[in-house]
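Take a look at the structure below.
The values are calculated or read from the model by the stated rules, or taken from the named source; none is laboratory data. All values derive from a computational prediction rather than experimental measurement. Here Cβ is always computed from backbone atoms with ideal geometry, including for glycine, and neighbour counts include all displayed protein chains.
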Amino acid sequence: MISFSNISKQYGRQLLFVEANFQLNPGDKVGLVGPNGSGKTTLFRMIVGEESPEEGEVTVPRKLTVGYFRQDVEEMEGRSVLDEAIAGSGRLGDLHHELEALQVAMGDPARADDMDRILERFGEVQEEYDHLGGYGLESQAREVLHGLGFSDSRIDGDVGALSGGWKMRVAMARVLLGRPDVLLMDEPTNHLDIESIIWLEGFLKSMPGALFMTSHDREFMNRIVSRVAEIDDGEITVYAGNYDFYERERAVRDANREAAYARQQAMLAKEQRFIDRFAAHAAKAAQVQSRVKALDKIEKLELPKKRKLVDFDFRQPPRSGDKVVMVEDLHKAYGSTVVYDGLTMTIQRGERWAVMGANGAGKTTLLRMVAGALEPDSGQVRIGASVQMGYFAQQALQLLDPDRTIWEQAQYDFPGETVGALRGLLGAFQFSGDEVEKKIRSLSGGERSRLVLARMLMYPPNLLVLDEPTNHLDLATKDMLIKALKNFEGTMIFVSHDRSFLRGLSTRVLELSGAVPHLFPGSYVEYVERTGHEAPGIHS
């Protein structure tokens with residue numbers, strides 16, 4: 001269906017692809033992986049014709065429809081959320097809005113002289129719209145928007161009033177409604193909560209078209225993709241299986257390559273010793289020359305690139321009192337919407353509470369009240385003895401000094417630390433080599449998140465309040481963070497849409513659903529086993 005044949009591409013000195021080959025077949029569900037800057041987005045842009053290879057050929061059949069969800073969203077205003085979702089949904093969306101315009105024209109007395117042409121066009125558009133199933137489009141749009149977390153009032157509200165994250169969801173709805181033959185998705189879970197992610201999994205698995213996507217959500221990839229395409233050293237290598245299979249198979253391939261490299265190095269050393277020993281012996285001259293020529297013809301193997309996590313031994317926090325957070329008869333409302341109506345709970349030392357609930361249930365509100373960033377209407381949140389708190393929220397990313405480099409920020413924050421300790425900390429969060437000289441103003445959202453977390457965990461507080469700490473983090477950093485926090489001896493309360501994070505760290509679950517919150521005295525794994533669902537209101 002879509003094929004890349006011997007494509008080569010480079011930006012300046014950076015080689016992205018060298019005679020790379022790949023084919024996407026009808027109905028394929030393929031995950032695209034590779035380090036940052038390896039060319040994943042470039043591959044998508046080649047498919048939609050926004051870029052071209054310098055050599056080789058990208059073949060996309062002319063009648064193939066391609067939908068592309070990307071991280072940069074254009075301005076949206078002047079329409080309802082529903083109309084905006086329908087408007088960008090391909091041919092059906094165009095017909096939908098042309099029908100609306102024609103209906104307005106038919107009721108306009110000033111256009112009476114043009115009525116025959118308007119009526120003729122209305123008939124043509126209506127016939128095509130009906131043939132393509134357009135009269136179910138509005139209900140389909142509402143279904144998709146509901147699945148992505150929109151309430152009815154938001155669906156009928158002004159799209160221009162939405163935050164950037166919610167506009168991303170509208171952009172995703174447009175692409176999904178277009179029902180393309182090929183769907184390209186760049187990090188689709190970044191701005192979604194767990195309920196919307198679970199809905200999207202079901203949608204993507206059931207759609208008949210092909211899917212080609214990048215994602216930093218291991219669980220999401222595992223449940224959807226049946227092949228993984230890896231960009232590495234300019235080549236595209238395909239693994240037949242999900243993400244976990246890819247990781248295991250990649251490890252086996254790397255081990256085999258290392259063994260082959262070691263065998264070749266031993267052979268080359270043996271041959272070189274013979275050449276060096278007998279180079280001056282006339283009787284052996286022919287043998288020496290023969291071996292020199294043979295060595296020149298051998299294709300030298302290279303070691304696979306290492307992608308191991310940098311281990312960092314995070315210091316353990318000082319011990320707090322046994323009662324870390326006491327929430328007593330907590331009440332909080334926004335206008336007529338009651339979020340908390342008498343919540344009482346105690347967080348004990350060493351517990352790790354995962355706070356779960358649908359949009360608007362009050363997850364971030366609770367964390368802000370625990371952190372002291374928001375006052376309750378009544379009741380209180382008391383912090384226990386000897387508690388030192390670290391609070392991570394997306395707003396914390398704005399507190400970094402944009403004019404400093406990463407290295408300058410680290411030295412400013414920890415002036416007494418050695419260069420080795422600071423490099424170890426930054427390396428654990430995937431900042432190495434020249435990357436530490438990047439200005440903070442130029443960092444992506446994911447890079448800023450990594451830097452904020454690194455600063456927090458150099459001297460960890462004994463209470464971590466974390467609101468979506470894995471947003472924008474790549475899989476390697478997530479794995480490192482989970483591994484580090486498993487050994488954390490303090491207390492945690494967190495919100496996360498990443499099920500690997502929830503499964504790996506939680507020991508308690510606070511479920512916010514309905515009027516009465518449910519305090520579950522077990523881990524997220526036990527919560528799923530006991531309740532039969534992965535999030536409040538989502539049933540397996």
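Are there helices (runs of 4 or more DSSP H) fully within region 147-247 with at least 3 residues that are of a type in the set (D, E, K, R)? List them.
164-177, 194-206, 218-224
So which residues in region 197-221 are of a type in the set (S, T, N, Q) and touching a strand residue (DSSP E or B) at 6+ places or on another chain (Cβ under 9 Å), if there are any at all?
Listed by number, the residues that qualify are T214, S215.
Could you grab the pairs with beta carbons closer than 6 Å, sequence gap of 6+ or different chains, first residue in region 468-482 and within 13 Å of L502 (Cα to Cα), second one at pLDDT 85 or above and of a type in the set (K, R)?
Matching pairs, first to second residue: T470/K478.
Could you check, for region 42-57, whether at least one of its residues is within 30 Å of I236 (Cβ to Cβ), hydroxyl-bearing (S, T, Y) and surrounded by 14 or more Cβ atoms within 10 Å (Cβ to Cβ)?
Looking for residues that are within 30 Å of I236 (Cβ to Cβ), hydroxyl-bearing (S, T, Y) and surrounded by 14 or more Cβ atoms within 10 Å (Cβ to Cβ), one finds at least one in region 42-57, hence yes.
Here is a yes/no grid of residues against (1) loosely packed, with under 12 Cβ neighbours inside 10 Å; (2) in contact with an Asp or Glu (Cβ under 9 Å, 6 or more places away or on another chain); (3) on the phi > 0 side of the Ramachandran plot:
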site	(1), (2), (3)
V73	no, no, no
R79	no, yes, no
R91	no, yes, no
A105	no, yes, no
E127	yes, no, no
G136	yes, no, no
H146	no, yes, no
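A quick yes/no check of all residues on (1) in a strand (DSSP E or B); (2) in the same structural domain as M389 (by TED's automatic domain parsing); (3) more than 30 Å from L32 (Cα to Cα):
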position: S449; (1), (2), (3): no, yes, no
position: V465; (1), (2), (3): yes, yes, yes
position: L473; (1), (2), (3): no, yes, no
position: A484; (1), (2), (3): no, yes, no
position: F494; (1), (2), (3): yes, yes, no
position: H497; (1), (2), (3): no, yes, no
position: L510; (1), (2), (3): yes, yes, yes
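Pairs needed: first member in region 271-285, over 17 Å from D296 (Cα atoms); second member anywhere, not hydrophobic (A, V, I, L, M, F, W, C) and not in a loop (DSSP other than H, G, I, E, B); C-beta distance under 8 Å; at least 6 residues apart or different chains.
F278/K284; F278/Q287
Show the residue pairs meeting these rules: Cβ distance below 9 Å; 6+ apart or different chains; first residue within region 163-185 and in the same structural domain as L132 (by TED's automatic domain parsing) and aromatic (F, W, Y); second residue buried (at least 23 other Cβ atoms within 10 Å of the Cβ) and not in a loop (DSSP other than H, G, I, E, B).
The qualifying pairs are W166/V81.
Restricting to region 390-439, name every residue that is in a loop (DSSP other than H, G, I, E, B), surrounded by 15 or more Cβ atoms within 10 Å (Cβ to Cβ) and modelled with pLDDT of 90 or more.
If the condition is that a residue be in a loop (DSSP other than H, G, I, E, B), surrounded by 15 or more Cβ atoms within 10 Å (Cβ to Cβ) and modelled with pLDDT of 90 or more, then R404, F414, E417, K438 are the ones that fit.
For region 318-359, enumerate the residues that are in contact with an Asp or Glu (Cβ under 8 Å, 6 or more places away or on another chain), surrounded by fewer than 21 Cβ atoms within 10 Å (Cβ to Cβ), of a type outside the set (D, E, K, R) and touching a residue at least 60 places away in the same chain (Cβ under 8 Å).
Result: Q348, G350, A358, N359.
Taking the options D254, D244, name whichever one is under 18 Å from K300 (Cβ atoms) and touching a residue at least 24 places away in the same chain (Cβ under 8 Å).
D254
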